[in-house]
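K.L.:
Below you will find the structure I want to go over with you.
What follows draws every value from the coordinates through simple rules; no lab data is involved. Given the structure is predicted, the values throughout are model-derived calculations rather than measurements. Every residue, glycine as well, gets a Cβ built from its backbone with ideal geometry; the counts of neighbours run over all protein chains shown.
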Amino acid sequence: MADIADFIAGLPKAELHLHLEGSLEPELMFALAKRNGVAIPFASVEEVRAAYSFSRLQDFLDIYYQGAQVLLHEQDFFDLTWAYLTRVAADGARHVEVFFDPQTHTDRGVPFATVADGMLAALARAEAELGVTSKLIMCFLRHLDEEAAFATLKDAESYLDRIAAVGLDSSELGHPPAKFARVYKAARERGLLLVAHAGEEGPAPYVWEALDVLGVDRIDHGNRALDDDALVARLAAEQMTLTVCPLSNLKLCVVHDMKDHPLKRMLDLGLRATVNSDDPAYFGGYLNANYLAAAQALSLSRADLSTLAKNSFAGSFLDADAKARHMAAVDAYVVAHAA
Ligand code: ADE
Ligand code: ZN
């Protein structure tokens, strides 16, 4: 398997499903807690890691929102984002499209500008110094109401030239996409692209709603779409990108064994699936660890892996020239590294 790990390590790729707050490693959480004088209910890094045992999405979210409380100043958001970018650049990522949850911070009194300025500065530095390009996606927390999402869109007004898309995350069950129909329409009218988490824990009808009611350009997760043949046919026909997160799915018990993960089935059904890390500090692995876990459990071939890497560029929000350039780089890599 070492050769598959080496093949993955060098494969040019994009990451399309990454929550910046979910890249907060326990070491940085401790350092920021100390720097900012914020109390956290853990005595050591080991104790934090030991608490990362989840049986469903909500178990994780409770601890993830708690961890984010150490983030207060622009420098904190810069440090968080920069740590992720250096890590994913080492995994061969050439482009990333990253989520942030403004409401997690503005609801604690941290100004939107503090959050966005820190993140944007790190993204700009990564392009200049690491050659990693990026798009920023602002998520609405779906357990809050649509009025709060509208307030967030208003907070973002002067940043909309630097925000590519809006997304929808947090507790899925009981909070269907249609709850946010009007704010998604307003975001589209402002020229933003649209994505939404759907079909992670929620059922296939939530994926239909994300497509038909919100009009999304991409589905985040989408696992439960496989329960519905007509939906699979629609997703395949439209070449709708699914941002799949193997290690997240395992940690949150969306799948119980990586051997049961639907990623290979998605590829065989002609779906445009991609591999992503979701919240790598909490789920035990960054981008390449996700490729490797799936490759080993599902016996993915080099052709499957290069399809996944090409899908990550095809499904990105880059322009057509950049997509073509990156996909050609994947092809060249595969030729140069023929088994
Ligand atoms: N926020 C961070 N990670 C998430 C996930 N996997 N699902 C929903 N909301 C999230
Ligand atoms: Zn996610």
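K.L.:
Calculate, for ALA121 and ALA51, the FRET efficiency according to 1/(1 + (r/R0)^6) with r their C-beta to C-beta distance and R0 35 Å; round to the nearest 0.05.
P.N.:
0.70
K.L.:
Which number do you get for Rg(Cα) / (2.2 N^0.38 Å) in the stretch 240-339?
P.N.:
Dividing the Cα radius of gyration by 2.2 N^0.38 Å gives 1.07.
K.L.:
If you put +1 on each Lys and Arg Cβ and -1 on each Asp and Glu Cβ, how big is the dipole of the stretch 2-336 around its Cα centre, in Debye rounded to 20?
P.N.:
Charge dipole of the stretch 2-336: 480 debye, to the nearest 20.
K.L.:
Select from the chain the helices, each a whole stretch of DSSP H, whose alpha-carbon atoms run 20 Å or more along the helix axis and whose Kyte-Doolittle mean is at least -0.5; answer none if there are none.
P.N.:
74-90, 112-130, 320-336
K.L.:
Against the globular-protein guess of 2.2 N^0.38 Å, express the Cα radius of gyration of the stretch 43-117 as a ratio, rounded to two decimals.
P.N.:
1.25
K.L.:
Using only alpha carbon pairs under 8 Å that are at least six residues apart, calculate the relative contact order of the stretch 2-336 and give it in whole percent.
P.N.:
21
K.L.:
Can you find, among GLY37, TYR286, LEU298, the residue sitting farthest towards the positive end of the charge dipole of the chain, where Lys and Arg contribute +1 and Asp and Glu -1 at Cβ?
P.N.:
Value: LEU298.
K.L.:
Still on this model: Work out, step by step, the length gained on full extension between GLN75 and ARG265: first 0.36 nm times the residue separation, then minus their alpha carbon distance; give nm to one decimal.
P.N.:
64.1 nm
K.L.:
For the stretch 144-238, take every pair of Cα atoms, bin their distances at 5 Å starting from 0, and report each bin as a whole percent.
P.N.:
3, 14, 25, 23, 17, 10, 5, 2, 0
K.L.:
Roughly what would the spin-label model give for ASN36 and GLN66, points 7 Å off Cα along C-beta, in nm?
P.N.:
The two pseudo-label positions are separated by 1.6 nm.
K.L.:
Bin width 5 Å, alpha-carbon pairs only: give the P(r) of the stretch 4-80 as whole percents, running from 0 to the bin holding the largest distance.
P.N.:
P(r) over the stretch 4-80, rounded to whole percents: 3, 13, 22, 20, 15, 12, 10, 5, 1.
K.L.:
Another one. With no solvent and one equal point scatterer placed on each C-alpha of the stretch 170-216, evaluate the Debye formula and give log10 I(q)/I(0) for q = 0.16, 0.17, 0.30, 0.33 Å⁻¹, two decimals.
P.N.:
Values, matching the q order: -0.38, -0.43, -1.11, -1.25.
K.L.:
Pairs to check: LYS185/LYS323; LYS13/LYS251; LYS154/LYS185; LYS259/LYS310; LYS13/LYS323. Give those whose C-alpha atoms are more than 20 Å from each other in this structure.
P.N.:
Table pairs above 20 Å Cα-Cα are LYS185/LYS323; LYS13/LYS251; LYS259/LYS310.
K.L.:
Using the eigenvalues of the Cα gyration tensor, what equivalent ellipsoid semi-axes result for the stretch 1-146 when each is taken as the square root of five times the eigenvalue, whole Å, largest first?
P.N.:
Output for the stretch 1-146: semi-axes of 25, 20, 16 Å.
K.L.:
Can you pull a Stokes-Einstein diffusion coefficient for the chain at 25 °C (0.890 mPa s), Rh from Kirkwood over Cα pairs, as a whole number of µm²/s?
P.N.:
123
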